[in-house]
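What follows is a single structure, written as structure tokens, with notes after it.
The values are calculated or read from the model by the stated rules, or taken from the named source; none is laboratory data. What you are looking at is a predicted structure, and each value in this text was computed from that prediction instead of being measured. Cβ: placed from backbone, ideal geometry, glycine included. Neighbour counts: every protein chain shown.
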Amino acid sequence: MITETLGRSLLLTLLYVVTGTAAAGQDAKTLVLDGVTRSYVVRAPALPAGATRVPMVIVLHGGGGNAANAETMTGFTAKAAKEGFIVVYPNGSGRLQDKLLTWNAGHCCAYAMKEGVDDVKFIDALIDTMVRDYPVDAHRIYVTGMSNGGMMTHRLGRELSGRIAAIAPVVATVFGDEARPARPLPALIINGMLDKNVPYLGGPPGGRGARGWDGTPTQPALKQWEFWATANGCKPTPRKEENAKWILWSNACAAPVELYLIKDNGHAWPGGQAGSRRGDKPSTAMNATDVIWEFFKAQSK
């Protein structure tokens, strides 16, 4: 046990050469935007041999979560250490500042939506900060997120399409009134067919977070594909592939769009950890973090 603990401590020291300790709550960095202090956590492994700039993945927590929660659920820190990219976990906003945080994705969610928090401006400023302070390749900046964080991922893709190289919303939705982005943007979308919080067939949201919405019903998951397919000039009819674990819609486009429906996944990060003891158990049919990174690393501005 002592050897295992020492080995883990050494590994974490190597992984977090920039941020220091392993606990996300202790690693929070801040920036002040319009007089408001916003926070985020950076995991920056040592640069791969010969590299001067590396990709960056922004991971957005779900509604009611925080940076530490997103790090635990997705496993993106370990992926960043293995593949040699920087991952940053921003915190949303809320009355308690360090928990029960949300993003203003338009029609959701809770504090951030009700207070009209400008989270697009925050992430835009965060990108500036990261490019200035870390060896981030400005042509390879990616955004992913779960649930409310996935909805915010859609919004960032629409409004920051000039800065982001690709997006990957997970168990999220669109609402049908979104404006198109200024330019095509690669998008990988993952939803669970057992999800009751964000039903893949659309309709009113469920679960404990339903009160955090403004009442606008969710669109079916395929509408996410249709939105980005239209924006990216895809052929109107998607190509469908199906096996025992998932259904995949994709097509030839100016920028790729893929939608995975995981048959045994609820409101959870496939291949990750549950958000809480009462949260849905993630499917093991897919490791979403692996699939997302394989998609991301093929995209560049």
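Scanning region 64-80 for residues that are in contact with a helix residue (DSSP H, G or I) (Cβ under 7 Å, 6 or more places away or on another chain) and either modelled with pLDDT under 95 or under 16 Å from THR30 (Cα atoms) (or both) returns GLY64, ALA67, ALA68. In region 3-43, of all residues being of a type in the set (Gly, Ala, Ser) and at pLDDT below 95, the one that is farthest from VAL131 (Cα to Cα) corresponds to GLY7.
Taking every residue in region 277-295 that is buried (at least 23 other Cβ atoms within 10 Å of the Cβ) and pairing it with any residue that is acidic (Asp, Glu) and part of a loop (DSSP other than H, G, I, E, B), at least 6 positions away or on another chain, the pairs with Cβ-Cβ distances below 8 Å are SER283/ASP264. If you go through region 139-163 and keep only what is over 24 Å from LEU261 (Cα atoms) and touching a helix residue (DSSP H, G or I) at 6+ places or on another chain (Cβ under 9 Å), you end up with ARG140, ILE141, GLU159, LEU160, SER161, ARG163.
Test GLY176 against the criterion of being assigned to a loop (DSSP other than H, G, I, E, B), more than 30 Å from ALA252 (Cα to Cα) and not polar (S, T, N, Q), and give yes or no. So GLY176 fails the test.
Please indicate, with yes or no, whether at least one residue in region 258-275 is surrounded by fewer than 22 Cβ atoms within 10 Å (Cβ to Cβ), more than 19 Å from the chain's Cα centre (by Cα) and not basic (Lys, Arg). For region 258-275, residues surrounded by fewer than 22 Cβ atoms within 10 Å (Cβ to Cβ), more than 19 Å from the chain's Cα centre (by Cα) and not basic (Lys, Arg): present. Selection of region 26-44 for residues being among the small types (Gly, Ala, Ser) and either in contact with a Phe, Trp or Tyr (Cβ under 9 Å, 6 or more places away or on another chain) or in a loop (DSSP other than H, G, I, E, B) (or both) yields ALA28, GLY35, ALA44.
Per the listing GLU241, GLU258, the residue uniquely at pLDDT 95 or above and closer than 23 Å to ALA165 by Cβ is GLU258.
The set of residues in region 241-279 that are among the aliphatic types (A, V, I, L, M), in contact with an Asp or Glu (Cβ under 7 Å, 6 or more places away or on another chain) and not in a strand (DSSP E or B) comprises ALA268, ALA274. For region 192-239, filtering for residues that are closer than 30 Å to ALA252 by Cβ, touching a residue at least 40 places away in the same chain (Cβ under 8 Å) and crowded, with 16+ Cβ neighbours inside 10 Å leaves 14.
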